[in-house]
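Asks: Below: one structure in structure tokens.
Just so it is clear, none of the values below were taken in a lab; they were calculated from the coordinates. Everything numeric here is computed off the predicted structure, so don't read it as measured data. Virtual Cβ from ideal backbone geometry, glycine too; neighbours counted across all protein chains shown.
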Amino acid sequence: MKTFQDIVNLKDKKVLLRVDFDVPVSDRGKIEESFRIRKQKETLDYLIGHGSKVIMVAHISDQSVDQSFAALIPQLHILLGYEVNFIKSVDEIEQYLQNYSGPALLENIRQFKGETENTKELASSLSKGFDIYVYNAFAVCHRHHTSVSAITKFLPSYAGLLIEEEVFKLQNTINVSKNGKFLIMGGAKASTKIPVIKNFLDKADKILIGGVIANDILKAKGQDVGDSIVDEKALELLAGLDLSNPQLMMPKDYNIFQNRILDIGQEAIKEFSEIIRNAKMIIWNGPMGMFENPQFAQGTEKNAQDISDSSAVKIVGGGDTVSAIDKIGLIGKFDFVSTGGGAMLAFLAGEKLPGL
Ligand code: ADP
Ligand code: MG
């Protein structure tokens with residue numbers, strides 16, 4: 001991985017910086033969760049501090065701003081500490097670079113034809129006028145998109161500081177000795193979670209299971225899960241995994257309401273607590289239950305509290321997991337909070353990522 005240390009001189013370099021600003025926005029246009037934006041500041045400060053001319057490229061999927069950055073520019077100014085200019089189209093970038101007047105952000109890159117198809121055409125026009133490309137959007141590492149992948153064929157490419165940090169911290173969770181290392185896996189979307197479970201079976205002491213993933217495993221074992229949510233693809237994805245492996249630790253009991261498993265139960269919380277207390281490293285992704293409803297938030301919140309209280313190295317990722325711990329004010333207790341949901345899981349599953 002080529003990093004900033006490999007760039008001879010950043011002064012006056014025209015830098016295309018791929019950032020991650022895909023944040024949730026309220027109906028009134030207010031950025032609700034700015035964690036990802038704040039995590040971009042270090043790299044931006046570095047580049048600007050070294051005299052580079054920076055144009056940022058990113059995507060946004062929130063519908064309340066019609067998937068456009070236009071209305072968010074003043075808030076970016078406050079969060080990043082720079083006045084950010086707004087560039088409406090790819091064709092206007094070259095002109096802007098010629099009369100550069102401070103850092104700027106291009107409109108949602110996914111509005112331009114070819115971004116999600118990873119095309120040479122868009123990569124070529126996007127690269128015009130730049131000296132180098134810096135990739136700093138860890139959360140889209142797993143995407144074969146133009147501004148992540150094809151662009152690197154047109155510009156000398158470097159990893160930003162956030163990529164270095166994410167890769168270093170996540171690689172470490174794979175490399176450290178499995179003694180005292182526990183993976184806690186909950187949430188939904190079996191296709192992103194089961195590959196991580198498979199990859200960590202021989203890399204962790206135990207894997208603690210909760211959320212819909214627990215339902216999936218119960219069902220695959222032939223147990224009756226009533227009207228609980230299960231992933232249709234789970235059975236297929238679980239193939240090849242020995243479900244009776246004692247390293248896979250299923251909840252002892254569940255919180256069941258109207259014939260649906262909606263959280264882990266009291267005994268499970270107790271048993272997980274005990275493990276967490278004595279752990280050396282905990283890697284957590286996915287809520288233990290339907291935490292959005294306070295009635296079924298106990299498993300997730302108690303889990304978050306137990307991890308916070310433990311002396312283990314604590315690593316967490318996943319959009320819903322991070323917002324759950326943020327809501328109860330525990331985010332600062334974690335040693336590393338990944339900006340990646342799907343990207344973190346793909347990394348932990350050992351997949352080869354186009355962005356890296
Ligand atoms: P993350 O974004 O942290 O990776 P996921 O997106 O995989 O997490 O899963 C979060 C969702 O899973 C939440 O909306 C939560 O309500 C849901 N969930 C977890 N456990 C259950 C359950 N037992 N039944 C229904 N939904 C659940
Ligand atoms: Mg999620």
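Asks: Can you tell me which of 188-198, 140-150, 327-337 comes out highest on packing, and rank the rest after it, using the mean Cβ neighbours within 10 Å? List each step's numbers first, then the result.
Replies: Details: 188-198: 20.6, 140-150: 23.2, 327-337: 15.3.
For the peptides 188-198, 140-150, 327-337, the packing ranking is 140-150, 188-198, 327-337.
Asks: Right, here's the next one. Looking at the chain, send over the antiparallel percent of its DSSP beta bridges, to the nearest 5. Before the final figure, lay out each step's value.
Replies: Numbers: 5 of 41 bridges.
Percentage antiparallel, nearest 5: 10.
Asks: Listed highest first by mean packing, meaning other Cβ atoms within 10 Å per residue, what order do 12-18, 205-211 come in?
Replies: Details: 12-18: 21.3, 205-211: 24.4.
Averaged packing, sorted descending, gives the order 205-211, 12-18.
Asks: What order, most packed first, do the peptides 244-252, 175-183, 315-323 have when packing is the mean number of other Cβ atoms within 10 Å of each residue? Please list the in-between numbers first.
Replies: Details: 244-252: 14.7, 175-183: 16.2, 315-323: 22.4.
The peptides rank, most packed first, as 315-323, 175-183, 244-252.
Asks: Roughly speaking, what is the stretch gain from Phe86 to Leu241, that is 0.36 nm per residue apart minus the C-alpha to C-alpha distance, in nm to one decimal? Before the final figure, lay out the partial values.
Replies: Numbers: separation 155, 0.36 × 155 = 55.80 nm, distance 4.95 nm.
Extra length available between Phe86 and Leu241 comes to 50.9 nm.
Asks: Could you give each residue of region 284-292 its phi-based ³J(HN,Hα) in whole Hz, using Karplus coefficients 6.51, -1.76, 1.60 with θ = phi - 60°, and x for Gly or Pro?
Replies: Going residue by residue, I get 10, 9, x, x, 6, x, 6, 5, 4 Hz, with x marking Gly and Pro.
Asks: What is the diffusion coefficient of region 298-347 in µm²/s, taking the Kirkwood radius over Cα pairs and the Stokes-Einstein relation at 20 °C with a viscosity of 1.002 mPa s? Write out the running numbers ahead of the final one.
Replies: Values: Rh = 11.0 Å.
After rounding, the answer is 194 µm²/s.
Asks: OK, next. Under the classification rounded if a/c is under 1.5, otherwise prolate if a/b is larger than b/c and oblate if not, where does region 10-122 fall, given a ≥ b ≥ c as square roots of the Cα gyration tensor eigenvalues? Kindly include the intermediate steps, with their values, before the conclusion.
Replies: Values: a/c = 1.77, a/b = 1.17, b/c = 1.52.
The shape class here is oblate.
Asks: Can I ask one more? Restricting attention to region 121-154, which chymotrypsin sites (Phe, Trp or Tyr not before Pro) occupy a DSSP loop and are surrounded by at most 12 other Cβ atoms within 10 Å? Spell out each step's value before the answer.
Replies: Numbers: sites: Phe130, Tyr133, Tyr135, Phe138, Phe154; in loops: Phe130, Phe154.
Passing both the DSSP loop test and the Cβ count: no residue.
Asks: Also: Could you pull out every residue, at least 5 positions away or on a different chain, whose amide H is within less than 5 Å of the one on Leu105? Hs are placed 1.01 Å off N in the peptide plane, and Pro or chain starts have none.
Replies: Met56, Asn85, Phe86, Ile87
Asks: Return the long-range amide H neighbours of Trp284 (sequence gap of 5 or more, or a different chain), with a cut-off of under 5 Å between placed amide H atoms.
Replies: It is Ile184, Ile315, Val316, Gly317, by chain and number.
Asks: For region 198-276, just the Cα set please: Rg and Dmax, both in angstrom.
Replies: Over region 198-276's Cα set, Rg and Dmax evaluate to 12.6, 37 Å.
Asks: Less than 14 Å Cβ to Cβ from Lys120, Lys/Arg counted +1 and Asp/Glu -1: what total charge do the surrounding residues give?
Replies: Numbers: positive: Lys113, Lys128, Lys153; negative: Glu115, Glu117, Glu121.
After counting each charged neighbour, the total is 0.
Asks: What are the semi-axes of the equivalent ellipsoid for the chain, taken as the square roots of 5 times the Cα gyration tensor eigenvalues, largest first, in whole Å?
Replies: Details: eigenvalues 313, 83, 73 Å².
They are 40, 20, 19 Å, listed from largest to smallest.
Asks: State the Cα centre-to-centre distance between region 208-227 and region 118-142 in whole Å.
Replies: 41
Asks: Ok, one more. Dipole size in debye (nearest 20) for region 262-323 around its Cα centre, Lys and Arg Cβ +1, Asp and Glu Cβ -1?
Replies: Numbers: 5 positive and 9 negative charges, 54 e Å.
Here region 262-323 has a charge dipole of around 260 debye.
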